[in-house]
1. Could you tell me whether VAL183 is surrounded by fewer than 17 Cβ atoms within 10 Å (Cβ to Cβ), among the β-branched types (Val, Ile, Thr), under 24 Å from HIS81 (Cβ atoms) and in contact (Cβ under 8 Å) with a residue 24 or more places away in the chain?
2. Picking from VAL89, VAL113, VAL136, which residue would you name as being within 21 Å of LYS187 (Cβ to Cβ) and either of a type in the set (Asp, Glu) or touching a Leu at 6+ places or on another chain (Cβ under 6 Å) (or both)?
3. Looking at (1) free of Cβ contacts under 8 Å to residues at least 40 places away in the same chain; (2) touching a strand residue (DSSP E or B) at 6+ places or on another chain (Cβ under 7 Å); (3) within 30 Å of ASN141 (Cα to Cα), which is the only condition THR115 fails?
4. LEU161 fails exactly one of the following numbered conditions: (1) out of contact with any strand residue (DSSP E or B) (no Cβ under 6 Å at 6 or more places or on another chain); (2) at pLDDT below 95. What is the number of that condition?
5. Could you list, ordered by first residue, the pairs with Cβ atoms under 7 Å in which the first is in the stretch 31-60 and at positive phi and the second is modelled with pLDDT of 75 or more and of a type in the set (S, T, N, Q), at least 6 apart or interchain?
6. Taking the stretch 168-212 only, how many residues are part of a strand (DSSP E or B) and either touching a helix residue (DSSP H, G or I) at 6+ places or on another chain (Cβ under 8 Å) or within 17 Å of SER92 (Cβ to Cβ) (or both)?
7. How many residues, within the stretch 23-42, are surrounded by 13 or more Cβ atoms within 10 Å (Cβ to Cβ), of a type outside the set (Phe, Trp, Tyr) and at pLDDT 80 or above?
8. Residues of the stretch 94-121 being assigned to a loop (DSSP other than H, G, I, E, B) and under 23 Å from ASN83 (Cα atoms), which ones?
Amino acid sequence: MKSIDLSLEGVHVVASTLGSLEALLSFLKKSEIPVAHVNKEIKELASKMHLKIIEAKIIYHLFDQYEAFVRDLRQKEKDEHLNEAIFPVQLSIVPNCIFTKRSPLILGVNIDVGTLKIGTPLCVFKDQEKINLGNVTSIENNKKNVVKAFKHQKVAIKIELRENVSAKMYGRHFSDDSIFYSVITRKSLDVLKQCFRDELDEEHVELIGKLKNKFGII
């Protein structure tokens, strides 16, 4: 066992046979997971610090537990930053589907590119000027309320402005052929990269590049 490389930080390995131990160590080495001693004091400290110690008698069960733990951590991180994440989206208006002509706006839209979620801030460009339309407060798909919509879907949305903000009007601020965009920021992009990278495809990335140019984001 002198050939085992131990680190100050890593996982604690226990096996009933030498063969099982060697298989486990080989697996951890290939996965670039360091191995270290875990004594009673470390377990007590881990408990006080609310750190997870994963234990299993079968190596693959151990790995399954680890993957489940990581998934839970990532989902928790997503939940914590959900309100800060603004997904890139580009919308066009469905013909003859403008149901209210001033804020709060209710209209039918096509999801041309990207992902639309509840809370997404939308804007339109008119004569190179960015006009903020408000935030999406509801999405309806096939007469059912949903929290998000995807490319190629046609949905009805409601866009509301904050209080004390001038109402936006069809005909004055946007027209039938206007294109709506999500209003991304440097902070929202950082949140997407950190927490929601697995939900972004190549088209999302391309649209992010387009929006960065439109909004002057470095």
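The values are calculated or read from the model by the stated rules, or taken from the named source; none is laboratory data. As the structure is a prediction and not an experimental result, all values here were calculated from the model. Note that each Cβ is placed from the backbone with ideal geometry, even for glycine, and that neighbours are counted across all protein chains shown.
1. no
2. None of the other options fit; the residue is VAL89.
3. Checking THR115 against (1) free of Cβ contacts under 8 Å to residues at least 40 places away in the same chain; (2) touching a strand residue (DSSP E or B) at 6+ places or on another chain (Cβ under 7 Å); (3) within 30 Å of ASN141 (Cα to Cα), the one that fails is (1).
4. So the condition that LEU161 fails would be (1).
5. Listed pairs, sorted by first residue: none to list.
6. Residues meeting the conditions: 6.
7. 7
8. SER103, PRO104, ILE118, GLY119, THR120 - these are the residues of the stretch 94-121 that are assigned to a loop (DSSP other than H, G, I, E, B) and under 23 Å from ASN83 (Cα atoms).
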